[in-house]
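Trainee: Supplied in structure tokens, the structure appears directly below.
Bear in mind these aren't lab numbers, they're just calculated from the coordinates by the rules spelled out. It should be emphasised that the depicted structure is a prediction, and the values quoted were computed from it without experimental measurement. Because the Cβ atoms are built from the backbone with ideal geometry, glycine has one as well, and the counts that use them run over all protein chains shown.
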Amino acid sequence: MDKDPKEFSPAEEQMIQESFDALLDAYAHTLHRQRVEIIRQTFEFAKRAHAGVRRLMGEPYIMHPLAVAHIVVKDIGLGSTSISAALLHDVVEDTDYTVEDIRNLFGDRIALIVDGLTKISGGIFGPHASEQAENFRKLLLTMSDDIRVVLIKIADRLHNMRTLEAQPQEKRYKIAGETMYIYAPLAHRLGLYTIKEELEDLSFRYENPNAYFDIEQKLLANKKAQMESFEKFVAPIRTKLDTLGLEYRIEARIKSIYSIWKKMTAKHITFDEVYDLLAVRIVFTPETSMSEHDQCWRIYSALTEIYRPHPERIRDWLSIPKSNGYEALHVTLLGQGGQWVEVQIRSQRMHDLAERGLAAHWRYKVGSEVDDSELDKWLKSVREVLVHPDTDAMNFLETFKLSLFAREVFVFTPSGEVKTIAQNSTVLDFAYYLHTDMGNHCIGAKVNHEIQGLNYVLHDGDLIEIMTDEQQKPQIEWVSFVVTAKAKNSLTTYFRSIDRQTISHGKHLLEVALSTLKLSEKYDMVVNRLMTHYQFQQLNELFLQIGNGTITLNNIPALIDEKRSFWQRLNPFNSDNDDKKTAEQKATEVQTKNAKSKSKNIILTDENLGHECILADCCHPILGDDVLAFYDDQTGIYTIHQVQCQEALKLKSSRGKSICSANWAPHSTHTFLATIFIEGIDQAGLLIKILHIVSENYHINMHKLDAISKNGIFCVNIQVYVHSKTELKQLLKSVQSLKEVKSVHRVNEGIIES
């Protein structure tokens with residue numbers, strides 16, 4: 001934001017007023033109790049607070065809160081309290097007003113939401129940890145008190161993504177990365193499917209613009225044919241539903257750009273081979289004479305009289321809704337052209353739930369359903385994850401993210417209760433799902449009346465009876481048995497409590513040792529030298545290793561004797577002043593020194609590759625890939641990742657300030673390791689033909705080759721050294737030209753493909 005000393009021009013004043021009038025108009029068309037005055041008051045207050053401030057795009061800053069409030073009411077369906085909080089959401093962070101000021105003027109509830117939306121620094125992860133992760137945690141903590149906090153934050157993120165073009169490249173990577181990593185899955189988990197898809201598409205646009213615009217152009221070119229196909233497919237459906245006297249509408253749903261790209265990369269197919277670009281949605285107004293579920297099945301019966309259904313692709317989300325409240329009946333039908341088309345059948349209520357998620361869910365809730373919904377259970381699980389958050393920023397984010405995008409299975413307790421739990425959950429996950437103590441003492445389970453171990457993976461319909469033993473205690477290998485956030489967090493909490501006891505014991509051992517050596521008055525000096533000698537950054541690391549016996553204290557006299565201490569001559573810790581500094585202060589000095597040399601844009605050359613710039617092992621970028629860099633304050637080294645790398649995605653969400661944009665300089669000598677996978681018909685001489693192309697035609701060196709033939713299909717992985725992505729593409733094209741080869745592609749390990 002930039003401060004503009006001039007008042008807004010008449011044209012800008014008119015633009016602001018028109019935007020506010022549009023907001024009130026959208027609010028007037030909702031079913032909420034009309035509280036226009038509080039919205040007007042918060043708007044005028046926010047407008048004054050942000051007066052003279054402009055966004056990077058040049059528009060008055062108040063246009064951003066207005067846009068967020070518009071998304072909150074129109075796309076999510078929230079009311080006056082949320083609209084007011086959206087208008088005020090940046091006031092505390094960006095102006096001199098405080099949360100107390102908001103509370104005094106507009107009440108506790110609006111103040112609580114605004115506080116939850118205000119960024120913070122420092123906190124539970126310590127001074128050197130991720131502010132991003134800390135802010136996520138604060139947001140989620142407030143969400144557990146009032147879900148509107150996270151709904152408004154998602155609206156805020158959506159508008160920021162819509163205007164991301166104004167940001168510098170490294171900021172785009174940070175914002176797009178954390179959007180894809182946290183906010184899109186969060187929107188999905190809360191049932192905001194339309195917003196989730198837009199967030200994914202916008203993130204993909206800025207992280208992989210070439211692929212995005214290529215698919216967008218192909219969709220536009222294909223649009224007319226798709227709509228003609230849609231009208232031809234639904235014509236007999238309309239006729240049939242009209243004869244039933246239903247009130248309904250039929251919508252065409254085109255697959256999102258990011259979803260298309262995911263399918264293309266996961267299945268290694270071209271755009272033309274993605275056959276499910278179009279889906280059909282039937283939304284009906286239910287009759288009072290029968291239940292919504294019965295009417296869904298009635299429409300299903302009508303459809304199957306026209307088209308043949310795929311027997312394995314019926315999705316019944318009526319009997320047991322998804323855990324985010326989603327209800328619908330999905331059926332895949334064989335259309336006139338021999339193409340399978342998915343049809344989604346929903347009532348208007350179900351449609352509102354699907355489009356607006358939690359906001360609509362709560363509006364429709366009545367009676368005892370309030371405490372029994374799957375959404376309420378999920379919110380409870382979020383609170384449990386936040387009770388004892390992991391002190392490692394990335395572990396915390398990973399633990400929370402486990403609860404977002406997981407598909408589910410439905411299992412039964414011995415009493416016949418239906419429980420939903422994440423797909424691939426084990427017996428141990430289910431024990432922790434039921435109760436933490438049950439998990440801590442679990443020894444196995446009877447699954448469908450047969451005894452199974454802790455790591456048995458659960459399936460739909462399993463009947464599970466957990467077995468426990470009071471003598472049982474969690475083992476460190478249990479961490480590899482679980483996939484759910486609740487189980488991982490429970491185990492982390494347990495082992496952390498054990499570590500605390502060990503740390504306390506280690507500190508006591510050190511104090512006793514120093515007392516015995518009559519060195520108690522030199523405690524700080526000895527601790528600093530021990531930490532330097534063993535290269536620890538945190539004091540508790542030292543105490544932990546002493547407590548568990550990894551470090552013994554019999555070498556303390558040597559460490560403090562300057563004449564006998566070899567390590568002292570290698571470390572600048574001989575002065576009294578330096579001894580007084582804590583390890584944290586020294587680490588900060590190193591980081592500050594290194595940070596001064598950090599560049600915002602890295603040009604990758606033959607000279608710096610392999611030295612101050614290293615290629616990430618997770619995704620193996622090569623010349624021509626879209627890449628970015630992460631700067632390490634400790635080493636002063638840049639690690640280069642592909643933009644779509646899964647590990648880079650995590651780092652964008654935790655170390656956003658370390659991101660630098662990176663570009664390739666033309667290379668003539670540097671080679672890059674790439675892996676290609678080839679599949680084809682097993683015929684004599686095929687491998688020789690492939691090797692001839694690689695070695696003779698392109699003069700490319702090979703690092704490793706693995707080949708296997710089974711049931712007439714030949715598969716080979718070859719690691720090659722190439723100079724660029726262009727050279728690799730030419731090689732793939734030449735291999736693909738062999739008539740025996742069915743498919744060939746680069747194996748992009750670590751890249752997000754599904």
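Trainee: Could you list Ile503, Ile320 so that the one with the fewest beta carbons within 10 Å of its beta carbon is first and the one with the most is last? Please list the in-between numbers first.
Mentor: On the way: Ile503 21, Ile320 14.
Lowest to highest Cβ neighbour count: Ile320, Ile503.
Trainee: Using 1/(1 + (r/R0)^6) with R0 = 41 angstrom and r between the beta carbons of Arg103 and Gln537, what's the FRET efficiency to the nearest 0.05?
Mentor: On the way: r = 40 Å, r/R0 = 0.96.
Given R0 = 41 Å and the Cβ-Cβ separation, E is 0.55.
Trainee: Go from 0 up to the bin containing the longest alpha carbon distance in region 597-664, width 5 Å each, and give me the % of pairs per bin.
Mentor: 4, 19, 33, 28, 13, 2, 0
Trainee: Amide H neighbours of Gln423 under 5 Å, counting only residues 5+ apart in sequence or on other chains, H built in-plane at 1.01 Å?
Mentor: Arg407, Glu408, Val409
Trainee: Checking the a/c ratio against 1.5 first, then a/b against b/c, what shape does the Cα gyration tensor give for region 468-525?
Mentor: Details: a/c = 4.95, a/b = 2.90, b/c = 1.71.
Prolate, since a/c reaches 1.5 and a/b exceeds b/c.
Trainee: Give me the one-decimal Kirkwood hydrodynamic radius in Å for region 431-539, with the sum taken over alpha-carbon pairs. Kindly include the intermediate steps, with their values, before the conclusion.
Mentor: On the way: mean 1/r = 0.0583 Å⁻¹.
Hydrodynamic radius (Kirkwood, Cα only) of region 431-539 equals 17.2 Å.
Trainee: Oh, and also: For Val483, Val36, which order do you get if you count the other beta carbons within 10 Å of each Cβ and list the fewest first? Intermediate results must be reported in sequence, preceding the final value.
Mentor: Numbers: Val483 18, Val36 12.
Going from sparsest to densest Cβ surroundings: Val36, Val483.
Trainee: Sticking with the crude label model, points 7 Å out along Cα→Cβ, report the distance from His29 to Arg308 in nm, one decimal please.
Mentor: So the label points at His29 and Arg308 sit 4.4 nm apart.
Trainee: Let me ask something else about it. Taking each pair of different alpha-carbon atoms in region 211-356 once, compute 1/r for the pair, average those values, and report the inverse of that mean as the Kirkwood hydrodynamic radius in Å to one decimal.
Mentor: Details: mean 1/r = 0.0612 Å⁻¹.
One over the average 1/r among Cα pairs gives 16.4 Å for region 211-356.
Trainee: Then there's this: Among 303-315, 732-744, 102-114, 86-98, how do they line up from the highest to the lowest mean number of other beta-carbon atoms within 10 Å? Write down the numbers at each step before the final one.
Mentor: Working: 303-315: 12.8, 732-744: 15.2, 102-114: 18.2, 86-98: 20.5.
In descending order of packing, they fall as 86-98, 102-114, 732-744, 303-315.
Trainee: Let me ask something additional. Work the Kirkwood hydrodynamic radius out for region 39-87: mean of 1/r over every pair of different alpha-carbon atoms, inverted, in Å.
Mentor: Working: mean 1/r = 0.0914 Å⁻¹.
Taking every pair of different Cα atoms in region 39-87, averaging 1/r and inverting gives 10.9 Å.
Trainee: Each label point is 7 Å from the Cα along the Cα-to-Cβ direction; what then is the distance between the points at Asp469 and Asp437, in nm?
Mentor: 1.9
Trainee: In nm, to one decimal, how far is the Asn222 label point from the Gln348 one, both placed 7 Å along Cα→Cβ?
Mentor: Distance between label points: 3.4 nm.
Trainee: Taking amide H atoms as placed 1.01 Å from N in the peptide plane, list the residues 5 or more away in sequence, or in a different chain, whose amide H sits under 5 Å from that of Ala445.
Mentor: Those lying under 5 Å, H to H, from Ala445 are Gln452, Met467.
Trainee: Follow-up. Starting from the alpha-carbon convex hull of region 672-746, give the projected area averaged over all orientations, in nm².
Mentor: On the way: hull surface 17.1 nm².
It is 4.3 nm².
Trainee: Strictly over 22 Å apart at the Cα level, which of Lys262/Lys710; Lys218/Lys742; Lys486/Lys652; Lys174/Lys196; Lys196/Lys255 would you flag in this model? Please report the intermediate quantities before stating the final value.
Mentor: Values: Lys262/Lys710 28 Å; Lys218/Lys742 24 Å; Lys486/Lys652 25 Å; Lys174/Lys196 18 Å; Lys196/Lys255 13 Å.
Listed pairs above 22 Å: Lys262/Lys710; Lys218/Lys742; Lys486/Lys652.
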